[in-house]
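All remarks here apply to the structure that follows.
The values are calculated or read from the model by the stated rules, or taken from the named source; none is laboratory data. Keep in mind it's a predicted model, so treat the numbers as computed, not measured. Cβ: placed from backbone, ideal geometry, glycine included. Neighbour counts: every protein chain shown. Each accessible area value is taken on the protein alone, full model and side chains, heavy atoms only, with ligands, DNA and RNA left out. Shrake-Rupley method; radii C 1.70, N 1.55, O 1.52, S 1.80 Å.
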Amino acid sequence: MNSIRSFILTGTLSVLILFNFIAAIQGYRSSMAEAEMLFDNHLLEHSQLMTLLDFSSLDKPVMTGSNMVLQVWQNDKLIKSSLDAPETLIGDGSPGFDFANFNSYRWRTFTRSVRSDYLIIVAERTDLRFVLAENVILESLLPSLLGIPVVGFIVWIIISRGLLPLKNLSQLLQVKKANDFKSVTLGHVPNELIQVIDSINSYVQRLERVLEREKRFSADAAHELRTPISALKIQLHNIATEAGYESENFLQLKSGVNRLQHLIEQLLVLYRLTPEQFQNTCHVIELSQICQDTIAAFYPVIEKKSQSLELEEMEIDSEKKKLEILGDTFALETLLTNLLSNASLYTPPGGQLKVIIDADQKYVYITVEDNGPGIAESERELIFQRFYRSKSNAVITSESATNGGGLGLTIVHHLAQLHQATVTVSESSLGQGAAFKLRFPRLCS
Amino acid sequence: MFLTAIVFMLRELIEAALLFGILLQLINRQPSLLSMQRHWIVMTLISGVVAAVIFAELMPYFSPLFDYAGFEIVNACVLLIISGILLHTAWSYSVEQKLVKSRQYSIMLMITFVMMRQGSEIILYLQSMLFQPELFITNLFASLIALAVGLSSGLILHLLLSSLRVATGQAISVFLLAIFTGNMLSQSVQQLTQAEFLPPIIELWDSNQILSENSLLGAVLNALIGYEATPTYYQLLAYLLGIILIFLSPLWRNGVAKILKRIVNS
């Protein structure tokens, strides 16, 4: 049982019903025993009354209640009886209470011996006394059965009221945004929740401090790491100018520094784009525009490798609605740049790249495809892992080995997740190569 | 009449409610022991009710079979099937998840059979109430009380078992399942003896003077641990066999016992 309310309600009601009804059954049994005694006393009193009568003066049959019969015997001779009484002796004539069967019914009998020669027998139908007693007792038990739904309703209200602070706290935490570091406060806090709320507030404050430190580290690292690398690159340029030529070792060193710079940039991007920061900068973005801007900014790289890049916008609907999503401009530009960079890197010079924008009623799709070597099916899940490098020889080019940091697609995956988008890899429609398809939830305009 | 009706209804209801409580606990707390999704539980309950109605309708056709021992024979068969499924579930237990699906169907089938057997007897009893209009209210009242007591007993057992540590809850649940299996086997032997398929054997003892089977406590104990005031040798043997077979099964040896051992060692 996952709900505390259901657990308490079910448990309480079950225990209440079980013990209430067991008590009712026990009550029924003892009440029936009491009723039996009362009926027996009634028989006893009847027989007592009969002893006061002068039997010899009675010439009519004795009248009794409908469920009772009477016999008066004198020296083995029936001298008086009620209308329904049999002609034979009821029971065996021994004094006291007993049971007897006659007139197709079972009877409770009481036999009294009077003045040694008279025998008074009073009998009552057991079924009638049973039904009479049972009806009375059941009527008294009925409220306990009918009361259960009422009790259940009251218990439900009490439990709901008792759990209200917990429900309020849960709702408060549910609507609390990732970048909201204000303390959680409830109007009335029960003792049981004081510690919980104190702990939550303490964690929130610590989280705020950690994130602040992280932000500072990110900014410091950006500055502290970029500056020496830039200085290193200038020094390399100066050495090359002074020497007048670039040796094999020098080129390797230059390539290593470039790779280091790329890796640091990617690491910083990954670090900067946390869900907390994303929430702050999230706004409505027109997808077509951002694709055009990113392609324009990336075009020099494409041009350098003599590759072609085409942007294709599919005919989506007749109303020419804008394709809008909720996102962060910097994050989306980084995402597209990484996909384009990845495509360009693994596509040979003169190759072909294509960006397709498509949509349906619920989603917007961006596909970046190339006619490079493609990605083996077995590797399509792995390429999004940090620092994963393709094992395929076809994919490893000298340029990719030098410039690929192993973080580009991890960042793509991370940014897609931030935008509640999915990224899948398939075969390119350009004959060969890979196609990365992003699916964003469409913002209804 | 009221008490008789309660005793009858309780005997039928508590058995099914307790089994359901135990199984629900095992399903919820330890999916690797028994696994069943929520909608399957609802489906099982529905199929149990449908099967009970059909079985009750077919009962008049069964009774004249085998020289008017048809009712006992069919009942014994149903009890043997229930015990068989319980034993099969316990013996086919494996930590491999592949078997979980087939175990789920076995449990569904077993609950359906238990509900069919107990439910059909309740339906026949309720039908007989229609021929006694003067006792209708009394019987209805008794039935509602028995239903409430049966359901709440099952729920309390389920909640109590769920409140225990997982291993303890499982150990008690499997122990109760073992007793339930013994009870089912013992009852099937009793039915076969009544149908004269097994030779009548002298009763081992008669504890009716201490606790009558027809008393309220006797009925509850009968449903809980299979209490019989006048058991025969065959019944006792069947009862013990059911319990031993469950404790020898992989469900106990590889499932519960290992978890308990791990806890003791840690």
Task: Probe 1.4 Å, all protein chains present, accessible-area order of B:Trp40, B:Trp205, largest first - done: B:Trp205, B:Trp40
Open item on the list: Could you tell me the relative contact order of chain A? Use alpha-carbon pairs under 8 Å, at least six residues apart, and round to a whole percent.
Closed with: 10
Task: 5 angstrom amide H check on A:Tyr363, placed H, neighbours 5+ away - done: A:Arg442
Task: 5 angstrom amide H check on A:Gly433, placed H, neighbours 5+ away - done: A:Gly374, A:Ser428
- [ ] Please list, in chain and number order, the residues 5+ apart from A:Leu53 or on another chain whose amide H is under 5 Å from its amide H, with Hs placed from the backbone.
- [x] none
Task: At least 10 Å² of accessible area lost relative to the chain alone, listed for the range B:1-25 with a 1.4 Å probe - done: B:Met1, B:Phe2, B:Leu3, B:Ile6
Open item on the list: Taking the Cα centroid of the range A:8-23 and of the range A:321-354, what is the distance between the two, rounded to the nearest whole Å?
Closed with: 64
- [ ] Determine the dipole magnitude for the protein assembly as shown: charges of +1 sit on the beta-carbon of Lys and Arg, -1 on that of Asp and Glu, nothing else is charged, the reference point is the Cα centre, and the result goes in debye to the nearest 20.
- [x] 2060
TODO: Hey, can you find the accessible area per residue of the protein assembly as shown for me, probe 1.4 Å, expressed in square angstrom?
DONE: 54
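Which whole-number percentage describes the relative contact order of the range B:162-235, with Cα contacts under 8 Å and a sequence gap of 6 or more?
On the way: 58 pairs, mean separation 26.2, N = 74.
Result for the range B:162-235 is 35 percent.
In percent, how large is the relative contact order of chain B, given Cα pairs closer than 8 Å and 6 or more residues apart? Spell out each step's value before the answer.
On the way: 361 pairs, mean separation 86.5, N = 266.
Rounded, it is 33 percent for chain B.
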- [ ] Just tell me how shielded B:159-168 is by partners: mean number of partner chain Cβ atoms within 10 Å of each residue's Cβ, no decimals.
- [x] 1
Task: Of A:Thr329, A:Leu53, B:Gly182, farthest towards positive along the dipole that unit charges on Lys, Arg, Asp, Glu beta carbons give the protein assembly as shown - done: A:Thr329
- [ ] DSSP loop (so not H, G, I, E, B), at most 12 other Cβ within 10 Å: list which trypsin sites (Lys or Arg not before Pro) in the range B:158-266 pass both filters.
- [x] B:Arg165
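Per residue of chain A, what 222 nm ellipticity follows from adding -39500 (n - 2.57) for every DSSP H run with n ≥ 4, rounded to the nearest 500?
Values: 10 runs with 235 residues, N = 445.
Mean residue ellipticity at 222 nm (helix-derived): -18500 deg cm²/dmol.
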Open item on the list: Through the Karplus equation 6.51 cos²θ - 1.76 cosθ + 1.60, θ set to phi - 60°, convert the phi angles of the range A:250-262 into ³J(HN,Hα) values in whole Hz; use x for Gly and Pro.
Closed with: 5, 4, 5, 5, 4, 5, x, 5, 4, 5, 4, 5, 4
Open item on the list: Give the B-A buried accessible area in Å², both sides summed, 1.4 Å probe, nearest 100.
Closed with: 1800
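Scan the range A:214-267 for chymotrypsin sites (Phe, Trp or Tyr not before Pro) in coil per DSSP, keeping those whose Cβ has at most 13 other Cβ atoms within 10 Å, and list them by number. Can you show the working numbers first?
On the way: sites: A:Phe217, A:Tyr245, A:Phe250; in loops: A:Tyr245.
Of the chymotrypsin sites (Phe, Trp or Tyr not before Pro), the ones in loops of the range A:214-267 whose Cβ has at most 13 other Cβ atoms within 10 Å are A:Tyr245.
Restricting to DSSP loop positions (anything but H, G, I, E, B) with no more than 15 other Cβ atoms inside 10 Å of their own Cβ, which GluC sites (Glu not before Pro) remain in the range B:171-266? Display every interim value, and only then the final one.
Working: sites: B:Glu196, B:Glu203, B:Glu213, B:Glu228; in loops: B:Glu196, B:Glu213, B:Glu228.
Sparse-neighbourhood loop GluC sites (Glu not before Pro): B:Glu196.
Give me the net charge for the shell around A:Phe99: Cβ to Cβ below 14 angstrom, other residues only, Lys and Arg +1, Asp and Glu -1. Don't jump to the answer; show the numbers that get you there.
Numbers: positive: A:Arg106, A:Arg108, A:Arg125, A:Arg129; negative: A:Glu36, A:Asp40, A:Asp92, A:Asp98, A:Glu124, A:Asp127.
Overall, the nearby charge balance is -2.
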Task: Most mobile listed residue (A:Leu70, A:Leu340, A:Leu53) in chain A, GNM with C-alpha springs under 10 Å - done: A:Leu53
TODO: Any chance you could list the semi-axes, whole Å, largest first, of the equivalent ellipsoid that the Cα gyration tensor gives for the range B:156-266, using √(5λ)?
DONE: 32, 18, 10
TODO: Using the structure shown, list the pairs from A:Lys254/A:Lys437; A:Lys176/A:Lys354; A:Lys305/A:Lys437; A:Lys304/A:Lys437; A:Lys167/A:Lys215; A:Lys215/A:Lys354 with a Cα-Cα distance above 30 Å, or answer none.
DONE: A:Lys254/A:Lys437; A:Lys176/A:Lys354; A:Lys167/A:Lys215; A:Lys215/A:Lys354
